[in-house]
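Worksheet for the structure shown next.
The values are calculated or read from the model by the stated rules, or taken from the named source; none is laboratory data. Since we're looking at a predicted model, the values are computed, not measured. Heads up, the Cβs are rebuilt from the backbone with ideal geometry, glycines too, and the neighbour counts pull from every protein chain shown.
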Amino acid sequence: MTNHEEEKLRRDAERAARDSEKVGSMELNEATRRGIGQGKKRAARRRAVYGTGAVTAAAAAMIALSSSLMPGSGATGDEPGQPRVTAGVPNGGQEADAQKENPKDYRGVGMDANVSRIIERGHMSSIDRTVSKDGYTLTLRGEAMDDRKMFVALSVKNDTDQIARVSRTEVDFGEGVHSQWKSRMGTEGELIPGSTATYIAEIELSPEDEYPEDAIFRAGITPGDFGRPAGQEVTIDVPFKAHTEALKDEIETVEVNRELEVSGQKIEVKSVEITPLGIYLDYAENEANDKRLFSLIDPKLKLTDADGTTVANPRFIGGTYGKDTLNFEAADLESPSSIDFSVAGISAADPEQTRLVLDTETGKIVEGGEGLTVSVDPDEKEITLERTVGEYNEYNQVHADAFMLEETFTDAKGIEHKLSDPLGERENRDGKMTESLTVGLGAGEVAQPAEFRIRSYWNPILEAAELKIK
Amino acid sequence: MDTPLEVKQGSARAAEENEEKFIGKIAEHRRKLYGIAFSYLHNEADALEVLQEASCKAWVKRRSLKDGAAFLPWMIRILINCCMDELRRRKRVSPSERAGEDRTAEMISSHRIDLDRALAQMQPKYRHVIILKYYHDMTLTEVARVLNKPEGTVKTWLHKALKQMRELL
């Protein structure tokens with residue numbers, strides 16, 4: 001039940017904002033300076049073109065030519081043929097390692113800053129395996145993996161005469177080995193006839209599984225435009241050797257097994273794993289806790305080098321769905337001598353507060369559901385639950401857990417039903433953030449009243465806590 | 001009484017001061033502008049290129065800006081037009097999954113590609129409202145100023161954009 005569009009937008013906005021903060025002031029200065037320099041030249045050329053005679057045109061052309069010496073135009077110049085603004089990408093040849101992907105080859109491919117840096121740092125091993133089928137050519141370009149995730153770079157060329165799109169990307173390591181597609185990044189979603197598009201697929205792996213070298217990358221390509229498939233999906237399998245050991249030596253696992261206590265609730269920090277692709281903190285709720293934990297608020301890691309001069313604060317990406325793992329981006333600091341973990345608090349509630357009994361035909365709450373209002377749409381067999389989160393402010397927008405229900409509910413006869421089509425929305429009502437969750441009740445007859453379980457909602461206990469991990 | 005030479009020097013100084021002010025304004029808002037470009041393009045290098053292009057266009061058009069206080073919405077308008085040009089030029093329109101496909105993985109994923117696909121399917125005006133409101137926390141009044149439309153119109157666009165997004169995700 002994670003289908004909260006506004007939640008997704010907020011999370012994505014937060015990610016984009018943080019990614020965008022990583023750009024240096026120098027690059028921004030350079031971009032605006034060059035832009036204004038170009039603007040001066042363009043304006044001068046216009047004056048030349050629209051001038052009243054050859055003399056004016058010549059004078060303006062001279063201004064245009066000499067303007068590269070003027071303040072604001074940039075000493076490096078921006079005439080055709082000269083390099084445009086880059087993102088501070090190091091020269092790909094620095095490592096001179098033919099087995100690694102060259103960051104220059106990924107210019108123009110939209111991806112998270114974290115992935116971009118992984119390629120820049122030479123962690124993506126080259127594969128270069130190509131398979132063609134039914135007019136599509138898939139090239140597996142490179143891959144980087146630790147024991148939690150894998151990034152795969154692929155290019156697809158469309159030699160058919162119609163638009164297509166990549167509808168599926170997955171990696172098959174064999175039966176019983178966990179491999180779950182998480183996302184696909186790229187800038188060219190449509191495969192225009194004759195064109196090639198590049199993507200980065202993120203695959204979730206499990207630290208409990210052993211991953212064999214032999215794997216199959218599988219992509220589904222569907223002809224036709226969005227919403228208008230024009231044929232059957234073409235599945236392309238590309239067998240490849242995964243670089244299961246490539247980053248192993250660079251992985252550091254710190255066993256912690258100590259507790260962080262927030263408002264009497266104990267959270268056992270089990271371990272922190274630092275890899276070139278990310279940092280993973282595994283934790284567990286203490287079973288003796290009297291509250292049910294929804295989330296850790298604003299978790300932070302602080303990594304410091306031996307001299308104490310370099311400090312890295314890797315960005316928190318989010319939790320792993322269904323697991324007690326906090327994911328952070330890879331840090332700029334290798335082999336930190338100290339690691340500190342902190343939270344601003346927890347969002348948690350008494351177990352009884354997560355129980356909700358209601359009549360799904362009338363919307364009347366029988367038990368629980370404090371602060372909730374329920375409305376019913378009998379035609380659609382849907383219910384909408386609404387609550388006030390708190391003030392409509394940036395903090396709540398970023399941190400507040402979405403109101404979610406468990407995926408099933410039980411009716412008065414003990415029959416289990418599955419909820420469908422969850423739709424969450426938040427809005428600003430007179431300065432208050434209100435959220436609503438609309439869910440489908442399914443086609444089956446529901447004996448009244450029905451019992452639901454609340455998976456999460458925003459119930460913050462703001463009590464900061466820290467733990468020295470290393 | 002000023003001589004023609006003094007008048008000429010005076011207006012040159014005023015022009016220089018105006019230029020400095022203009023450059024200062026762009027510099028003041030460069031990070032915000034970059035952030036908006038990044039929201040559209042999701043790529044550092046591309047966002048910087050667009051910021052460069054928008055700075056260039058703004059300079060060329062700077063005399064069309066009559067109200068200095070309206071600089072930021074005006075500049076953002078130029079910037080998002082540059083972003084859309086860039087997206088069009090590079091055919092950066094991501095299709096969304098069609099209804100009925102296996103959406104299990106999507107349900108688990110909260111990643112950008114899903115949103116990008118949904119946003120890419122929207123009319124540019126809806127996309128602008130979503131990005132400016134949710135990614136840059138602008139009020140509808142501010143969004144209306146950027147897009148140069150009445151607030152009521154923008155509110156309607158937002159409603160329709162969210163409705164479309166629900167259908168697409």
Of all residues in the stretch A:437-458, count the ones that are in contact with a strand residue (DSSP E or B) (Cβ under 8 Å, 6 or more places away or on another chain), surrounded by fewer than 18 Cβ atoms within 10 Å (Cβ to Cβ) and on the phi < 0 side of the Ramachandran plot. 5
Looking at the stretch A:381-459, what strands (runs of 3 or more DSSP E) fall wholly within it and have at least 2 residues that are assigned by TED's automatic domain parsing to the domain that holds residue A:368 and within 21 Å of residue A:346 (Cβ to Cβ)? A:382-391, A:432-440, A:450-456
Evaluate the following for residue A:419: is it surrounded by 19 or more Cβ atoms within 10 Å (Cβ to Cβ) and closer than 28 Å to residue A:462 by Cα? no
Could you pull out the residue among B:19, B:6 that is at pLDDT below 85, surrounded by 16 or more Cβ atoms within 10 Å (Cβ to Cβ) and assigned to a helix (DSSP H, G or I)? B:19
Only residues that are in contact (Cβ under 8 Å) with a residue 40 or more places away in the chain and either within 14 Å of another protein chain (Cβ to nearest Cβ) or acidic (Asp, Glu) (or both): list them for the stretch A:119-151, please. A:134, A:143, A:146, A:147, A:149, A:151
Evaluation of residue A:238 against (1) over 26 Å from the mean Cα position of the chain (by Cα); (2) assigned by TED's automatic domain parsing to the domain that holds residue A:202; (3) buried (at least 19 other Cβ atoms within 10 Å of the Cβ) (one fails), failing number: (1)
So which of A:119, A:163 is within 27 Å of residue B:40 (Cα to Cα), touching a helix residue (DSSP H, G or I) at 6+ places or on another chain (Cβ under 6 Å) and at pLDDT 80 or above? A:119
For the stretch A:158-249, list the strands (runs of 3 or more DSSP E) that sit wholly inside it and hold at least 3 residues that are farther than 23 Å from residue B:43 by Cβ and more than 12 Å from every other protein chain (Cβ to nearest Cβ); which are they? A:214-225, A:234-241
Residue in the stretch A:83-104 that is farthest from residue A:27 (Cα to Cα), counting only those that are at pLDDT 70 or above and away from chain B (no Cβ under 13 Å): A:99
Determine if the stretch A:277-287 includes at least one residue that is outside any strand (DSSP E or B) and without any contact (Cβ under 8 Å) to a residue 40 or more places away in the chain. yes
Any idea which of B:134, B:126 is facing chain A (nearest Cβ under 9 Å) and modelled with pLDDT of 80 or more? B:134
For the stretch A:3-51, the count of residues that are outside any helix (DSSP H, G or I), facing another protein chain (nearest Cβ under 7 Å) and at pLDDT 75 or above equals 1
Got at least one residue in the stretch B:43-59 being farther than 22 Å from residue A:104 by Cα, facing chain A (nearest Cβ under 8 Å) and touching a Lys or Arg at 6+ places or on another chain (Cβ under 7 Å)? yes
Which of the numbered conditions does residue A:230 fail, given that it passes all the others? Conditions: (1) under 23 Å from the mean Cα position of the chain (by Cα); (2) surrounded by fewer than 13 Cβ atoms within 10 Å (Cβ to Cβ). (1)
When the residues of the stretch A:313-357 are narrowed to those that are among the hydrophobic types (A, V, I, L, M, F, W, C) and in a loop (DSSP other than H, G, I, E, B), which ends up nearest to the chain's Cα centre (by Cα)? A:330
Consider the stretch B:51-77. How many of its residues are surrounded by fewer than 20 Cβ atoms within 10 Å (Cβ to Cβ) and more than 11 Å from residue A:43 (Cβ to Cβ)? 11
Residue B:96 meets each of (1) crowded, with 21+ Cβ neighbours inside 10 Å; (2) at the interface with chain A (Cβ under 7 Å from one of its Cβ atoms); (3) at pLDDT below 90; (4) part of a helix (DSSP H, G or I) with one exception, condition (4)
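For (1) free of Cβ contacts under 8 Å to residues at least 12 places away in the same chain; (2) within 25 Å of residue A:10 (Cα to Cα), each residue gets a yes or a no:
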| position | (1), (2) |
| --- | --- |
| A:365 | yes, no |
| A:430 | yes, yes |
| A:436 | no, yes |
| A:449 | no, no |
